[in-house]
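The values are calculated or read from the model by the stated rules, or taken from the named source; none is laboratory data. Computed from a prediction, not measured in an experiment: that's the story for all the values here. When we count neighbours, we look across all protein chains shown, and the Cβ atoms used for this are built from the backbone with ideal geometry, even at glycine. Accessible surface areas use protein heavy atoms only, side chains included; no ligands, DNA or RNA. Shrake-Rupley method; radii C 1.70, N 1.55, O 1.52, S 1.80 Å.
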Amino acid sequence: MCGIVGVIGQRDAAPLLLDALKRLEYRGYDSAGIATVNGEGAMARLRSPGKLRNLEKRLDVVPLPGGTGIGHTRWATHGAPTEANAHPHLAAPVAVVHNGIIENFRELRAKLKAAGATLTSDTDTETIAHLMAHRLASGEEMKAALLGTLGELEGAYALAFAFEGQPQLLAAARSGSPLAIGLADDSVMIGSDAIALAPFCDRIIYLDDGDIALLTPSKVEIFDKTGAPVDRPAVAVPVQISLAEKGNYRHFMAKEIHEQPEVIARTIGHYLDIGEGTIRDSAVGLDFADYRRVSITACGTAFYAGLVARHWFEQIARLPVDLDVASEFRYRAQNFPRDELALFVSQSGETADTLASLRVCRAAGQTIATVVNVPTSTMARETDVALPTLAGPEIGVASTKAFTCQLATLAALAVKAGIDRGTVSAEEARAYVDALVEAPRLVADTLHVEPQLERIARIVAPATTALFMGRGASYPVALEGALKLKELSYIHAEGYAAGELKHGPIALVDDSVPVVVVAPFDDLFAKTVSNMQEVAARGGRIIGVTDARGAEAMAGTAEEIIVVPDAPAFIHPLVMTIPLQLLAYHAAITNGTDVDQPRNLAKSVTVE
Ligand code: HGA
């Protein structure tokens, strides 16, 4: 998603803005730009399609002077990723960068054109610069002009403004998209993500939804949406954020895959009382005896974590689960019963559709719980109960460690639900806890299959279609495996419930189609193996992911068998996911795609 940065201070702005933008590259983007204001108030701007290095090359030739400026990496929603559509957008004296969507942009463009404005881009964003410039030209004060402009916008935005003729001023605003202000000794910064600001600032102020801010080198003034001054606390830059580096790994994704034993251990350590063999009440802060059902809402990988959780809640706690993708959730006619727990899952805590769904449930008076990786995020702040996944910053666009930490958290919740609802005895609870305690070690052991996956990835990489199948809790794992492969290697991949294959997708099977069968040796194994035979009979190239006992039954049918360590059935989804992540990673490397920033994708999807 779009990255926003801004700086006002003693240092040369352009190189600093570029460095800060580089720290947001992981979010995914397709063009970039910077505008600066020098000491005399003159504004200059450079924009470029493609990667930041294109902009950097241009800056080498035409440096932008000045200590004040704003910068942007754009993930296009309105208009192609061209130079003309890249931010900052100008309408003298205003320059603006934007993350979000202005939904009434058509009306605004028509109104501006009728008033004689010349629009030079196809974006929704450019209207904001013109509205603001128009108000300033008609003599409105800065704050009034800002509030007036925002009052005309419908939709979501995080905005940073710079002004020609005002080298000592930046403005910022947020509604629906995140924005933070960074404080350093010699400068004040703006960033859409604290990661952008971490190395340059010691303290961060997170703006609340609806806030606007006026920044000078020595002062930050914040107002709420009514224009009343408000105090927002400045907090120390979280250490974890400053540590978002690649280390010795070739890609963030590789680092994040290999970090999983550690971060899963950290996450379960938060929820489990290992000595007592139970789940810590204080870590969960919910009594599931109060709820008749749970609704889980999420997007993408987090939705698949929710699908696994449905199995766990229903099997362990006999608690019915309703599940939907967040982009559809709001459009269903629902009655939002008070005795239903509304549970949301999001890595970033900013996912626009999930956040909007959360707000719908909150307005309906439901109790809101959120499984979230970024503790300072909007969702973490707007939820009744925040359930952290302690995965640390995830930089690779394709989620890996955040997914397994979501699983670990949801597994602990399901056990807690079983205890609260009396479906799990103390002895059974201890067995579940013991199984979870084993997860980090088993995941670490599973990582040893990497050399085999590297080789298998070379078989899969030339395919144009790949299928993944699984049954029970392995079905969402298959879905996640397919999503990972398509995100990273651009191979068309689909996940199916193993029993569904013969209802359609089997028509795709021939000897060019790899079929990944996720089947640990559990109660459902024999049925999945029958489905595997159906595929094999039609020439499909089977890649089995199973454990030692399953491998015996697959031998002779599967072309390749990846053997993971024997694990308690409860944590199979955590273990079985690892080979699929490695397969996608190595297929991407074989296909030469951009592993950490796959094309067209964004890390934290802050637009609907
Ligand atoms: N709508 C703006 C900004 C897009 C955005 O925020 N993406 O994450 C544009 O298309 O330029």
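Calculate what fraction, in whole %, of the accessible area of the chain sits on carbon and sulfur atoms when a 1.4 Å probe is rolled over the protein chains. Can you show the working numbers first?
Working: 10960 of 21880 Å².
Of the solvent-accessible surface of the chain, carbon and sulfur hold 50 percent.
If you rank TYR291, TYR271, TYR475 by how much accessible surface each has, with a 1.4 Å probe, what is the order from largest down? List each step's numbers first, then the result.
Numbers: TYR291 25, TYR271 0, TYR475 70 Å².
So, going from the largest accessible area down, we get TYR475, TYR291, TYR271.
Let me cross-check LYS113: its accessible surface, 1.4 Å probe, with only protein heavy atoms counted, in Å² to the nearest 10?
120 Å²
So what is the accessible area of the chain per residue, in Å², with the probe set to 1.4 Å?
Numbers: 21880 Å² over 608 residues.
Result: 36 Å² per residue.
Evaluate the range 142-256: find the radius of gyration of its Cα atoms, find its Kirkwood radius, and give the ratio Rg to Rh. Write down the numbers at each step before the final one.
Working: Rg = 15.8 Å, Rh = 15.3 Å.
Rg divided by Rh gives 1.04.
Only loop residues by DSSP count here, and only those with at most 15 other Cβ atoms within 10 Å; note down the trypsin sites (Lys or Arg not before Pro) in the range 312-377 that meet that.
Working: sites: ARG318, ARG330, ARG332, ARG338, ARG359, ARG362; in loops: ARG318, ARG330, ARG332, ARG338.
Hits after loop and neighbour filter: ARG318, ARG332, ARG338.
Which order do you get for SER357, SER512 if you rank them by accessible area with a 1.4 Å probe, largest at the top? It would help to have the intermediate numbers written out before the result.
On the way: SER357 0, SER512 65 Å².
The residues order as SER512, SER357, largest area first.
How would VAL374, VAL575 rank on accessible area, largest to smallest, probe 1.4 Å? Please list the in-between numbers first.
Values: VAL374 50, VAL575 0 Å².
Final ranking, largest accessible area leading: VAL374, VAL575.
Given a 1.4 Å probe and the protein chains all in place, what does the accessible area of CYS2 round to, in Å² to the nearest 10?
Solvent-accessible area, nearest 10 Å²: 10 Å².
Show that you can apply the helix-only estimate: for the chain, add -39,500 (n - 2.57) for every DSSP H stretch of four or more residues, divide by all residues, and state [θ] at 222 nm to the nearest 500.
Working: 21 runs with 231 residues, N = 608.
Rounded to the nearest 500, it is -11500 deg cm²/dmol.
What chymotrypsin sites (Phe, Trp or Tyr not before Pro) does the range 325-369 have in DSSP loop regions with at most 13 other beta carbons within 10 Å?
Values: sites: PHE329, TYR331, PHE344; in loops: TYR331.
When the chymotrypsin sites (Phe, Trp or Tyr not before Pro) of the range 325-369 are filtered for loop state and at most 13 Cβ neighbours within 10 Å, TYR331 remain.
Roughly what would the spin-label model give for ASP231 and ALA114, points 7 Å off Cα along C-beta, in nm?
Taking the two extended label points, one gets 4.6 nm.
Please work out the Kirkwood hydrodynamic radius for the range 501-608, using every pair of different C-alpha atoms, and report it in angstroms with one decimal place.
Working: mean 1/r = 0.0644 Å⁻¹.
About 15.5 Å, per the Kirkwood formula over Cα pairs.
Quick one: check the C-alpha center-to-center distance for the range 503-570 versus the range 128-192, whole angstrom.
Cα centres, the range 503-570 to the range 128-192: 56 Å.
Average projected area of the Cα convex hull of the range 192-281, in nm²? Can you show the working numbers first?
On the way: hull surface 38.3 nm².
Computed as one quarter of the Cα hull surface, the answer is 9.6 nm².
Which whole-Hz ³J(HN,Hα) couplings does the range 469-475 yield from phi under the Karplus relation 6.51 cos²θ - 1.76 cosθ + 1.60, θ = phi - 60°, glycine and proline marked x?
9, x, 10, x, 5, 7, 5
When the distances between all Cα atoms of the range 325-479 are binned every 5 Å from zero, what whole-number percent does each bin get?
Result returned by the calculation: 2, 7, 12, 15, 18, 16, 13, 8, 5, 2, 0.
Hey, what's the per residue convex hull volume over the C-alpha atoms of the range 277-350, in cubic angstrom?
Details: hull volume 8.6 nm³, N = 74.
For the range 277-350, the hull spanned by Cα atoms encloses 117 Å³ per residue.
Please state the shape class of the range 1-115: rounded when a/c is under 1.5, otherwise prolate if a/b exceeds b/c and oblate if not, all from the C-alpha gyration tensor. Mind showing how you got there, number by number?
Working: a/c = 1.96, a/b = 1.30, b/c = 1.50.
Oblate shape, in that a/c is at least 1.5 and b/c is the bigger or equal ratio.
For the chain, what number results from the quotient of the Cα radius of gyration and 2.2 N^0.38 Å? Don't skip to the answer; put the middle values down first.
Values: Rg = 25.4 Å, N = 608, 2.2 N^0.38 = 25.1 Å.
For the chain, the normalised Cα radius of gyration comes out at 1.01.
Mind ordering 5-17, 91-103, 549-561 by average Cβ neighbours within 10 Å, highest first? It would help to have the intermediate numbers written out before the result.
Numbers: 5-17: 22.8, 91-103: 24.5, 549-561: 16.8.
So the peptides 5-17, 91-103, 549-561, ranked by packing, come out 91-103, 5-17, 549-561.
Please say if the range 557-608 is rounded, prolate or oblate, where rounded means a/c under 1.5 for a ≥ b ≥ c the square roots of the C-alpha gyration tensor eigenvalues, and otherwise the choice is prolate for a/b larger than b/c and oblate otherwise?
On the way: a/c = 3.52, a/b = 1.53, b/c = 2.30.
In terms of gyration-tensor shape, oblate.
Mind grabbing the accessible area of TYR496 for me, 1.4 Å probe, Å², rounded to tens?
Accessible area of TYR496: about 60 Å².
What translational diffusion coefficient, in µm²/s and rounded to a whole number, does the Stokes-Einstein relation yield for the range 43-183 at 20 °C and a viscosity of 1.002 mPa s, taking the hydrodynamic radius as the Kirkwood radius over Cα pairs?
Numbers: Rh = 15.5 Å.
After rounding, the answer is 138 µm²/s.
Could you state, as a whole-number percent, how many of the C-alpha pairs of the range 464-504 are farther apart than 17 Å?
Numbers: 205 of 820 pairs.
That fraction is 25 percent.
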